[in-house]
1. Please report, in whole Å, how far the alpha carbons of the chain spread along each principal axis, starting with the longest.
2. Please list, in order along the range 128-140, the HN-Hα scalar couplings obtained from phi with the Karplus expression 6.51 cos²θ - 1.76 cosθ + 1.60 (θ = phi - 60°), rounded to whole Hz, x for Gly and Pro.
3. From the residues Gln34, Ala5, Leu23, which one has its Cα farthest along the dipole of the range 1-53 in the positive direction, the dipole being from +1 and -1 charges on Cβ of Lys/Arg and Asp/Glu about the Cα centre?
4. Rounding to the nearest 10 and keeping the result within 0 to 90°, find how far the Cα-based axis of helix 180-192 lies from the longest principal axis of the chain.
5. Kindly express, to the nearest 10 degrees and within the range 0 to 90, the angle between helix 86-98's C-alpha long axis and the longest C-alpha principal axis of the chain.
6. If you take all C-alpha pairs in the range 70-127, what percent of them are over 14 Å apart?
7. Among the trypsin sites (Lys or Arg not before Pro) within the range 18-70, which fall in a DSSP loop and have no more than 11 other Cβ atoms within 10 Å of their own Cβ?
8. Based on the Kirkwood radius over alpha-carbon pairs, what is the Stokes-Einstein translational diffusion coefficient of the range 1-131 at 4 °C with 1.567 mPa s viscosity, in µm²/s?
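Just so you know, all these numbers are worked out from the coordinates, no wet-lab data involved. Here the structure is a predicted model, which means the values were calculated and not measured. So basically every Cβ, Gly included, is an ideal-geometry build from the backbone, and we count neighbours across all protein chains shown.
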Amino acid sequence: MNDLAEKLIKTHELSKEEFIQLLNQADDKRLREQLTQEAVRLRKACYGTKVYTRGLIEFTNYCKNNCYYCGIRRGNTHAHRYRLTEQEILECCQAGYALGFRTFVLQGGEDPYYTDERMAHIISSVKEEFPQCALTLSIGEKAYETYRLFREAGADRYLLRHETADNRHYQSLHPESMSLAARKQCLYDLKELGYQVGAGFMVGSPGQTMECLAEDLVFLKELSPHMVGIGPFIPHHDTPFAKEKPGSVDMTLFLLSVIRILLPKVLLPATTALGTLDQRGREKGLLAGANVVMPNLSPVGNRKMYELYDNKICTGEEAAECRGCLENRVRSVGYYLVSERGDAL
Ligand code: 5AD
Ligand code: FES
């Protein structure tokens, strides 16, 4: 067996230099097979053939940030902006609950309209109506005290991708007002406050090198988050990266397997971006070691407006259609969707 693969499988860890070497062999078919097989073995040892599902509610596409890759960046004057009211958010949850969802993810841009007080009110309303469900937030960087307030209001989990763990690369994807140090601080704050925390990054974002990806893996091992979201970069036509090439599906699948081995118990979604670049991307993600899917519960009327990248799938389908569609897709690769909260082990 490949020495590095063997070491990774035995120790669940590699040095940055070793990760670089491993990633440079990502198109070696034998190596891929070895790692995929081990990733699936670990996934089944921890979770059997269950796939957890999260209902994603994209409740605002206003954002004060201006990340170069993102379609809802402040500078995109062509974006049609919307916000959901607390009532509309609760209606999404009600529809989702009836379909069997037991985790709701409130995701949005960094929108100052949702003050700490408004947000805390929404969180406690959702938790009051659905006490048996987990509530995940994905609303960006906040102060420690704000994260504490949301936690006390009932939020259980928080998704905040670090995007890239390489400083120079981070700076090339974001305006100067943003920093990797601030992003990492948020992730450590969230952990300290007892959230189940999700980090993650885009695969193939402009300027990304094997060194960057190796740094991502080293950082993930150090942070040891409960969840890791990764997906290929996909250009959006109204951003500075409009003309950049999309990330690679195969590299994303390879990284899913590596992450499963690095963090065997991790909650690992087969993402919408993966499903956008490849018709069977999400199924392939599950076969590479992923164990979560995150279909959309947002009102169909708003779906198209939450356009982080071009050609995003599922913008025309009702929540029930996506649920059914995913049930079939998951089953087609030997797994099954469950109606559980799906907390971190
Ligand atoms: N391509 C792929 N993923 C993107 N995201 C934002 N813009 C893009 C894009 N153009 C991802 C980021 C963010 C998450 C919500 O969506 O990683 O954290
Ligand atoms: Fe939305 Fe298939 S998951 S249509």
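1. Extents along the principal axes, in whole Å: 56, 43, 37.
2. Working through the residues one at a time gives 5, 7, 10, x, 8, 9, 8, 10, 10, 10, 8, 10, x Hz.
3. Farthest towards the positive end: Gln34.
4. Result, in degrees: 80.
5. 60
6. Taking all Cα-Cα pairs of the range 70-127, the fraction more than 14 Å apart is 62 percent.
7. none
8. Once the numbers are plugged in, D ends up at 69 µm²/s.
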